[in-house]
Amino acid sequence: MQKADVIVGLQWGDEGKGKIVDHLAQEYDLVCRFAGGHNAGHTIVADGKKYALHLVPSGVLNKRALNVVGNGVVLSPKDFIKELKQFEDIKGRIVISDKAHLLLPYHAKIDQARERLKGDKAIGTTGKGIGPAYGDKITRVGHRVGELLNPQKLCDDIMNYFAINKPVFDAMGVETPDAAKLLAELKEYKEALGEYITDTTLVVWDALDSGKRVLLEGAQGTMLDIDHGTYPYVTSSTTVSAGACSGLGIAPHTIGEVVGIAKAYCTRVGNGPFPSEDLGEDGNYLREKGHEFGTTTGRPRRCGWFDAVAMKHAVRLNGVSNISLMKLDVLDGLDEIKVCVGYEFEGKEIDYVPYTLDGVKPVYKTFKGWQQSKGAREYDALPQEAKEYIEALEKLCGAKIGIISTSPDRDDTIIRD
Ligand code: GDP
Ligand code: IMO
Ligand code: MG
């Protein structure tokens, strides 16, 4: 039976998933998003042009691939319509699950109000409404994409929801939508998206049954997973490979290879513990050289060293068979490169990820730097020190590094096997 391959982020997001999905998409018939929403920002650089994708799967530049937005996604119709406009020939190349949940403008307002009320305990969300949209799904008061096909009923249901929750929304300063405006918006969404809405689970099953190649594109990263990440400083979805099954409606035994994406160092946006963060000169060097500013919000990303303890954990959680190591070129020119190989936790040195990373201190091993890896396309073109670094990371993380990326460009990629 044909199996579907999965790509997941192994750190705190922004590992470079977009580049690898685009690179591999040339060989796949379907590229499917299974979780997250427009909090994601996946960058692709192809033929000198840069694309920032949020909800559209990163297979979109492969004209032969069908792009699937699965049921595990929370979809903002307004943002999705805007994003689709970049691609003139999208008709017939994208489908949206009727079971994906709707993320509507009031979800963003609730997200921002909650963050404001939390003050210094704020999560540092993207403010896009992700938590409230998934919250409504789980508390069974959400609305699904399929409901857009009957705008009048959906409008009535949303107005009723606001009537019931008025005291809560008043306290947060979230206004009740104007019914006539809301109805007009929902009709616009139906007009723009109606033809793409379908049962995507059947689409994926049919593809697998007819031997087509299916790639499942994760969003965010393992350390932002709702169960396995640094809760509560996480996103609201299952970001690990297991989420691909529920987020598309396929069984675990139909998962093939799991490719994990990791930067050659580490970044995080938003608040929460980050043991290997470097608040000094090296952190600044990585931020400037790596252009570490968010694709979705433009916020500076916090930067630090590769965390091999968290990576070993992520490899096991996701069942990673192969790692793609990204942005190796950003380390070019450093005399020394540190890797976090252990944690100091409650007075002991440990080599696993505990219940909380609060107060955990990194134990580092130092590697010798190198001058230039940028643009390398063959493993043997890399400096010896870079090869030693890569091979040491493989041992520390317990997985093979099969792909190495040496610039944002699609072609500056080393395939080792
Ligand atoms: P994603 O969310 O995992 O898809 O990653 P983002 O697109 O948010 O962030 C990764 C950034 O790194 C993007 O700006 C990419 O163009 C860039 N990038 C990807 N691979 C490389 C690489 O090997 N070297 C450099 N210098 N930049 C890269
Ligand atoms: P991609 O797919 C990096 C982070 C936010 C915040 C936390 C919760 O591009 O890797 P949310 O808006 O989801 O409720 O915010 O999660 N976050 C990301 N960080 N990359 C992402 O996506 C992210 N999506 C959410 O910064 O800390
Ligand atoms: Mg990103």
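The values are calculated or read from the model by the stated rules, or taken from the named source; none is laboratory data. In this text, all values refer to a predicted model and were calculated from it rather than measured experimentally. Cβ placement follows ideal geometry from the backbone for every residue including glycine, while neighbour counts extend to all protein chains displayed.
Here's the yes/no breakdown for (1) modelled with pLDDT of 95 or more; (2) assigned to a loop (DSSP other than H, G, I, E, B); (3) surrounded by fewer than 20 Cβ atoms within 10 Å (Cβ to Cβ):
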residue: Val68; (1), (2), (3): yes, no, no
residue: Lys82; (1), (2), (3): yes, no, yes
residue: Phe87; (1), (2), (3): no, yes, yes
residue: Ile90; (1), (2), (3): no, yes, yes
residue: Lys99; (1), (2), (3): yes, yes, yes
residue: Thr126; (1), (2), (3): yes, yes, no
residue: Pro132; (1), (2), (3): yes, no, no
residue: Gly135; (1), (2), (3): yes, no, yes
residue: Met159; (1), (2), (3): yes, no, yes
Among (1) under 24 Å from Ile415 (Cβ atoms); (2) assigned to a strand (DSSP E or B), the one test that Val74 misses: (1)
Boolean, Gly9 is more than 9 Å from ligand 3 (Cβ to nearest atom), at negative phi and either in contact with a Pro (Cβ under 8 Å, 6 or more places away or on another chain) or not hydroxyl-bearing (Ser, Thr, Tyr) (or both): no
Criterion (at positive phi and either modelled with pLDDT under 95 or surrounded by 12 or more Cβ atoms within 10 Å (Cβ to Cβ) (or both)) met by exactly one of Gly146, Gly173: Gly173
Tally of residues being without any contact (Cβ under 8 Å) to a residue 12 or more places away in the chain and closer than 15 Å to Thr222 by Cα across the stretch 313-356: 2
Neighbours by Cβ (under 8 Å, 6+ apart or cross-chain): first from the stretch 47-64, of a type outside the set (Ser, Thr, Tyr); second surrounded by fewer than 11 Cβ atoms within 10 Å (Cβ to Cβ): Lys63/Asp89
Top-ranked residue of the stretch 12-43 - restricted to ones that are within 11 Å of ligand 3 (Cβ to nearest atom) and more than 10 Å from the chain's Cα centre (by Cα), ranked as modelled with the highest pLDDT: Lys19
Answer residue from the stretch 112-124, given it is among the hydrophobic types (A, V, I, L, M, F, W, C) and surrounded by 14 or more Cβ atoms within 10 Å (Cβ to Cβ) and is farthest from ligand 1 (Cβ to nearest atom) among those: Ala113
Unmet requirement for Ile323, which otherwise passes all of (1) aliphatic (A, V, I, L, M); (2) touching a Ser or Thr at 6+ places or on another chain (Cβ under 8 Å); (3) within 22 Å of Ile7 (Cα to Cα): (2)
Within the stretch 205-237, considering residues that are of a type in the set (Gly, Ala, Ser) and under 20 Å from Cys32 (Cα atoms), the one surrounded by the most Cβ atoms within 10 Å (Cβ to Cβ): Gly218
Only one of Lys85, Lys19, Lys63, Lys91 that is assigned by TED's automatic domain parsing to the domain that holds Val234 and more than 13 Å from ligand 2 (Cβ to nearest atom): Lys63
Residue ranges of strands (runs of 3 or more DSSP E) in the stretch 206-289 with at least 1 members within 26 Å of Lys3 (Cα to Cα): 214-217, 255-263
Subset of the stretch 242-256 (residues that are crowded, with 24+ Cβ neighbours inside 10 Å and either touching a strand residue (DSSP E or B) at 6+ places or on another chain (Cβ under 8 Å) or more than 23 Å from Lys19 (Cβ to Cβ) (or both)): Ala244, Gly247, Leu248
Residue check, Pro408 in the same structural domain as Asp47 (by TED's automatic domain parsing) and within 15 Å of ligand 1 (Cβ to nearest atom): yes
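Do we find a residue being free of Cβ contacts under 8 Å to residues at least 12 places away in the same chain and within 16 Å of ligand 2 (Cβ to nearest atom) anywhere in the stretch 104-118?
Yes: the stretch 104-118 contains one or more residues that are free of Cβ contacts under 8 Å to residues at least 12 places away in the same chain and within 16 Å of ligand 2 (Cβ to nearest atom).
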Filter pass, Glu115 being modelled with pLDDT of 95 or more, farther than 26 Å from Thr198 by Cα and not in a strand (DSSP E or B): yes
Answer from Ala52, Ala40 - the residue that is part of a loop (DSSP other than H, G, I, E, B) and either near ligand 1 (Cβ under 10 Å from one of its atoms) or in contact with a strand residue (DSSP E or B) (Cβ under 8 Å, 6 or more places away or on another chain) (or both): Ala40
Residues of the stretch 290-332 satisfying the condition of being among the β-branched types (Val, Ile, Thr), within 11 Å of ligand 1 (Cβ to nearest atom) and either closer than 20 Å to Ala386 by Cβ or not in a loop (DSSP other than H, G, I, E, B) (or both): Val330
